[in-house]
Structures are given as structure tokens and as C-alpha cells.
1. Which residue, of Ala273, Ala215, Ala226, Ala241, is touching a Leu at 6+ places or on another chain (Cβ under 6 Å) and either buried (at least 19 other Cβ atoms within 10 Å of the Cβ) or outside the structural domain of Tyr411 (by TED's automatic domain parsing) (or both)?
2. In contact with a Phe, Trp or Tyr (Cβ under 6 Å, 6 or more places away or on another chain) and crowded, with 16+ Cβ neighbours inside 10 Å: does that describe Ala334?
3. Out of (1) more than 26 Å from Val218 (Cα to Cα); (2) at pLDDT below 95, what's the single condition that is false for Gly321?
4. Determine which member of the set Ile353, Ile284, Ile365 is crowded, with 16+ Cβ neighbours inside 10 Å and either within 20 Å of Ala406 (Cα to Cα) or in contact (Cβ under 8 Å) with a residue 60 or more places away in the chain (or both).
5. Are any residues in the range 409-428 surrounded by 18 or more Cβ atoms within 10 Å (Cβ to Cβ) and of a type in the set (Val, Ile, Thr), and if so, which ones?
6. Taking the options Gly405, Gly431, name whichever one is at positive phi and surrounded by fewer than 16 Cβ atoms within 10 Å (Cβ to Cβ).
7. Could you check how many residues of the range 104-144 are part of a helix (DSSP H, G or I), buried (at least 22 other Cβ atoms within 10 Å of the Cβ) and not β-branched (Val, Ile, Thr)?
8. Would you mention how many residues in the range 174-231 are basic (Lys, Arg), outside any loop (DSSP other than H, G, I, E, B) and in contact with a strand residue (DSSP E or B) (Cβ under 9 Å, 6 or more places away or on another chain)?
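The values are calculated or read from the model by the stated rules, or taken from the named source; none is laboratory data. Remember, it's a predicted structure, so these values are computed and weren't measured experimentally. Glycine gets a Cβ as well: all are built from the backbone with ideal geometry, and neighbour counts include every protein chain shown.
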Amino acid sequence: MKQLMIIKHITNLAIAMVLSQTLAAETNYFEIGKETLADLIEIESTESAGLATKASEYASEKLRSAGFGEDDLEIAGPTATTLGLAATLQGAGLGPPVIVMAHLDVVPAVTESWDTNPYQMVEKDGFLYGRGTSDNKGGAAALITNFIRLKKEGFVPDNDIIMLLTGDEETEMDSIEYFKDNLEQVKRAAFAFNSDAGYVSGTMDAPRSFQVQTAEKVYLTLKLEATNPGGHSSVPRKENAIYDLMRALERLEKHEFPISLNETSRKNLEFTANEYSETLMETINLLLSGNSDLGNIDLIEQDPELNAQLRTTCVATQLSGGHAENALPVNVNATVNCRVLPHEDPDEILATIEKIAGDKVTVSISYPAIKSPPSMLTKQVENLIQTAVDKTFQKIPVVPMMETGATDAIYLRSVGIPVYGTSGIMEDPTGWRSHGLNERVEVDAFAASLEFWYELMKQL
């Protein structure tokens, strides 16, 4: 009965046929996947709760009970709270390993503002609610479930499949850095598939495209600081650290970095141009033709997401300063977070910010840039993804895309391991809710993602 309830939501015949075959199997892996997701959500893996070590231990025990040996499972990491899990589905050794990855930590939830308990999965109106359903415990549950399924089926891949479940993607990313530096299997990997990036556009009834993240902007955080001898507030002077910093931030607000396309953003715009308003579509077509003169159009006003896709951005995110209400400030500082296009040089961005800041404000690096070159979508990888997409959804196109955020993939890309974001999750009809209130994933979308990962891993 539960199988029929799951399928009845899916009106698209092609998807329904695929899922019905899966759910009719002797073992209901959708229920296993849903149970795994519920268990992971109940393990609060925020920074204040100790991150993801408990979730890693849970995942390890889940796989051990399904037949994975001690040699296949390694809980490891740089600290006691940032332990992740590296699990291996042993292959025939015909080639280098392939990585599939997710992260188990989550950002905090403002519990009292949610409609449901964020740390207890609730199924309501065709959606699964809970912190991590879309970012990224849903992805982790899909990987764990399919490792169990493939193990039970006796499947032996051509190459080892390494599942990396990291412990602190939302904070320092030390977990993936540890795996990169210390696990030989990771060092030898041919490429990786990341469940924490990419998405399916459209709706479950009418999927439009399978968006593969092949590039992401580089994370760089700077501190702008103004200092002054200070003094008593009853005797103001021309020099004031707050005003000096304020003027620097005003210049930063007005500055726009130049528009610049890479292969990924160009291909994505070619596919998505007709989805924008007529004015923006004309602007995009001008850019694609090589014309970067947009006239008086204000992209950040008309479409902030498109603006962020087209150029490096730097924005003030935090302010601190002053030591007493009746004293002139001695020190004030602002945090400026930059998202640098992956084909641009972060050092040049830093130099630009220093020029904008001026002589009275110093600029220092709080979080250095980890260069993350785009991963070109090779024919081999594209065929793997397209085959899995065709078996799970309608025959929709695979389209490369660049994300403005940052994921664990930057650390693998930085050492030459291509990473492809293939979450297989349909976009939410009301917009993404990860990091926000009432995070959720559509029940049918979660079921489809389970099937997608199964079809993808079976080809490895």
C-alpha cells in the first residue's frame, strides 16, 4: 500500500514506470532510504552539537550490518568532532577508484520559527521536512542506501567506489581536506560525483533538464580594518575609524567586477536564456555574442542570481568596532566575503579590494582562496550521467552549471580530481530552502534521486 501511495503522486508515466519496478522489488529500498534519512535528521550534526561524528558512526554501523567488512569502513578526520566516513564498495580493479560524496553536518535551525521540529523528519503534503533533507543528508541517505542495495545484490563494480561522508562542510571543510591528504584511494581517484550540488530543473511531472555542477565560485574572506588613536567622544575630530571604514564600504558597494564567462557558464546560458524575461534574454544573447557592454541595465537589481553567475562578487557581511559609547573608536573592522569566478585570479581580486579600501583601511585575508578549476564534462562522464538520467527521468538534456556557493568539491578539484555535482534532486517548486526555514524535499523527488544514484553507480 505504501508503494502505491508513493507512486500515485507521480503522474509522469516514464518516471512512474521506473519507480514502480524499483519499489515492487522484494526489498523496498525507498523505505530503507527514507528510514536512513529520518535517522540522520534526528542526529543533530550542527557545530554546537558536535558536528557529524555521531552521524558517521551511525552510517558505518548501517553499512556494517548490510555486510560491509571492517576493512571497507574507516571513520577518520582531523579532530574528534569532525570525523567523517570513508566506505569502499570493492571493485574488480580494472581502473582507478571513483568517489561518490556527501556531507553529514548541517547548519543550525531556528527551531521556534519552523512549522515542524527541524530535527525530526515529518512527511506532510507530499514533502519530507527536516534540517538536512536537501542539504545534504538526503544525498547521504541516497548514497548509503544504494551502497546497501548494491552489496545485497552482489554487484562488483569495475573500479572501487569510495563513498566519502564528510563532517564539516558547512564550517571549515577540514574533513574533506583530511581525506584528500591521507587516503591513498582518494589520491588515486579518477573523478568524483557530488550529491551536494546540481539539481533537476522543472517539476516531477515535467522535468526540463539535469543540471550538473562542473564549476563553483571560489570562497575568499577578507577583513577590512580601520584604526585610530581614539579619544573622548565629547571632542570629535576629523579622523574617525568608523567613518573611514564606512567610506571604504560605500566604494565597495558601488564597485562591479567585470562580467566574464567560462565554458560552463556559457553553455548553461545557451540552454537557459529563453527562461528569462525578454530584457534579460536580450542581455544574455548580447553576452553570448561577445558583447560585454550592457548599457544601463542593473543586473544586481533585476536578477541577483544571474549577476552572481556572471561576475566575481564581494560583499560586506559583518561589522565590529568601538569599545565604549562615549569614546572615539580605536578599531573597527568589517568582514567582506568574496565569491571569485573559478577562472579568475584571487590575488587580482585582493589587489582590487586593497585599491578600493584606500590608504586609511587595511585589508587582510581571513579565509584564503582555494583555487578550484572547473571540471570539464568529458564524453565518458556525460554518457554515465545521461544513461542514469534517461532511466530515471524523461530523456532530458544534461546541462553543465556553475554554483555561486562552495562545497567540499573545491578541495578535490584543487588537486586535479574532477568533481561533478549530480544530486539528482528536483528543484523545490517554491525555491530552495536549504539553510532556511522548513527545509524539505519532495517525496517523489527523493525516490527519483535514489533510483538515479543506483543507475549511476551500476555503471562504475
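1. Of Ala273, Ala215, Ala226, Ala241, the one residue that is touching a Leu at 6+ places or on another chain (Cβ under 6 Å) and either buried (at least 19 other Cβ atoms within 10 Å of the Cβ) or outside the structural domain of Tyr411 (by TED's automatic domain parsing) (or both) is Ala226.
2. No; evaluated as a whole, the condition is false for this residue.
3. (2)
4. Selected residue: Ile353, the only one of Ile353, Ile284, Ile365 that is crowded, with 16+ Cβ neighbours inside 10 Å and either within 20 Å of Ala406 (Cα to Cα) or in contact (Cβ under 8 Å) with a residue 60 or more places away in the chain (or both).
5. Matches in the range 409-428: Ile410, Ile417, Val419, Thr422, Ile425.
6. Gly431
7. 7
8. 2
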